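What follows is one structure encoded as structure tokens, with my remarks underneath.
The values are calculated or read from the model by the stated rules, or taken from the named source; none is laboratory data. Computed from a predicted structure; not experimentally measured. Every residue, glycine as well, gets a Cβ built from its backbone with ideal geometry; the counts of neighbours run over all protein chains shown.
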Amino acid sequence: MSDYTDAPLLVAARGGTPSRTPVWFMRQAGRSLPEYRKLRAGTAMLDACLDPDMVREITMQPVRRHDVDGAILFSDIVVPLKIAGVDLDIVPGTGPVIAKPIADRRDVEALPALLPGQAQPVADAIGLLLKELDGVPLIGFAGAPFTLASYLVEGGPSKNHERTKALMHGDPELWHALLDRLADITGAFLRVQVDAGVQAVQLFDSWAGALSERDYREFVLPHSTKVLRSVTTVPRIHFGVGTGELLPAMREAGADVVGVDWRTPLDVAVRRLRAAAPDLPLPVVQGNLDPALLFAGLPALEREVERIKHEGRAAAGHIFNLGHGVLPDTDPDMITKAVELVHRAG
């Protein structure tokens, strides 16, 4: 078993001084890689997520190709709902689609719990990965209760989250009952991954940026806190898109590392986090190259990487990442170049 004590990603996550700036990319394992598309051909997304050997291979592909400092477990945020028994599918070109959206208390009460044994394929995949990864930490992940709720209530992806917000404000008691159940499912899924051996976890609240800070604190924060407090033995990264105004609250939920999307410079994010909690230690941040800039050519990419590394020095630790996920048409060679630029001294 490899020794991860000095792994740059984990050192940075603890606020230490790593041997090099660590970097990994959200969606690094997936559709931008021709080897991924070849392997996945003919296999549905959810089937792939529950095939331990396929998960192992897909997770390893970007580690081999790009020399990243973290491997992100290949999965999807709706996997714990699926294995718990929720009738859903991931439709190509659309995303998660729920057969029977949540509409009333009976629907909430009918939501199944996640039993650890139901996630055994995920644990098995982690076991396979730990035998192959050589000092590169494995990051587990799950979707946060709000983002899962938005899919369950809307029936699928939504631009405006109108049904979600209507339930949130129209029936707060039912809303909190729904998120409490989802926090249990998410926490159970993360604990399976930690027990199987992942060295860090990331909680994705992909759609939290649709909320005001007031609504986030009232309707979301208690449930994300419940999830993150249930996993305390590994670094916890918390990330959402468009969450510049929510960063202090997301740190309050229990994040050891605050993910920042590309809209907010890292030094600005650090100032906001410090001003909101002056008695807490200097925060650790993750991010935040705009994924579109991987299309801009090498000179522009070099300038942006250096800028972000400089801004990241305002934090106690900085894990370089994109400000969201790798876009499908990204040239894999540009991802490799970005890693080389991040690792370059100076």
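Looking across the range 330-339, the residues that are surrounded by fewer than 19 Cβ atoms within 10 Å (Cβ to Cβ) and in contact (Cβ under 8 Å) with a residue 24 or more places away in the chain come down to Asp331, Met334, Thr336, Lys337. Restricting attention to the range 274-293, the residues that are part of a helix (DSSP H, G or I) and either among the basic types (Lys, Arg) or under 20 Å from the mean Cα position of the chain (by Cα) (or both) add up to 3. Report yes if some residue within the range 123-134 is at pLDDT below 95 and surrounded by fewer than 16 Cβ atoms within 10 Å (Cβ to Cβ); otherwise report no. Yes - at least one qualifying residue is present in the range 123-134. Considering only residues in the range 319-329 that are more than 10 Å from Phe25 (Cβ to Cβ) and touching a strand residue (DSSP E or B) at 6+ places or on another chain (Cβ under 6 Å), the one that is surrounded by the fewest Cβ atoms within 10 Å (Cβ to Cβ) turns out to be Gly323.
Just one of the listed residues (Val97, Val136) is in contact with a strand residue (DSSP E or B) (Cβ under 9 Å, 6 or more places away or on another chain), under 20 Å from Leu50 (Cβ atoms) and among the β-branched types (Val, Ile, Thr), namely Val97. Scanning the range 1-51 for residues that are acidic (Asp, Glu) and at pLDDT 95 or above yields Glu35, Asp47, Asp51. Restricted to the range 76-118, and to residues there that are in a loop (DSSP other than H, G, I, E, B) and acidic (Asp, Glu), the residue that is farthest from the chain's Cα centre (by Cα) is Asp104.
Only one entry in Val63, Val68, Val55 is among the β-branched types (Val, Ile, Thr), surrounded by 23 or more Cβ atoms within 10 Å (Cβ to Cβ), outside any loop (DSSP other than H, G, I, E, B) and in contact (Cβ under 8 Å) with a residue 60 or more places away in the chain, namely Val55.
Any residue in the range 17-38 that is aliphatic (A, V, I, L, M), out of contact with any Pro (no Cβ under 6 Å at 6 or more places or on another chain) and farther than 20 Å from Thr330 by Cα? No, there is no match, as no residue in the range 17-38 is aliphatic (A, V, I, L, M), out of contact with any Pro (no Cβ under 6 Å at 6 or more places or on another chain) and farther than 20 Å from Thr330 by Cα. Being buried (at least 23 other Cβ atoms within 10 Å of the Cβ) and modelled with pLDDT of 95 or more holds for only one residue in Ala249, Ala196, Ala208, and it is Ala208. In the range 171-182, the residues that are within 11 Å of Glu109 (Cα to Cα) reach residues that are surrounded by fewer than 14 Cβ atoms within 10 Å (Cβ to Cβ) with C-beta atoms within less than 8 angstrom, at least six apart or across chains, in these pairs: Leu174/Asp104; Leu174/Arg105; Ala177/Arg105; Arg181/Ala113. The set of residues in the range 135-156 being crowded, with 22+ Cβ neighbours inside 10 Å and of a type in the set (Gly, Ala, Ser) consists of Gly140, Ala142, Gly143, Ala144, Ala149, Ser150. The set of residues in the range 252-285 being surrounded by fewer than 22 Cβ atoms within 10 Å (Cβ to Cβ) and touching a Leu at 6+ places or on another chain (Cβ under 6 Å) consists of Gly254, Arg272. Checking each residue in the range 30-46 for being in contact (Cβ under 8 Å) with a residue 12 or more places away in the chain, farther than 17 Å from Val63 by Cβ and either touching a His at 6+ places or on another chain (Cβ under 6 Å) or not in a helix (DSSP H, G or I) (or both) picks out only Ala44.
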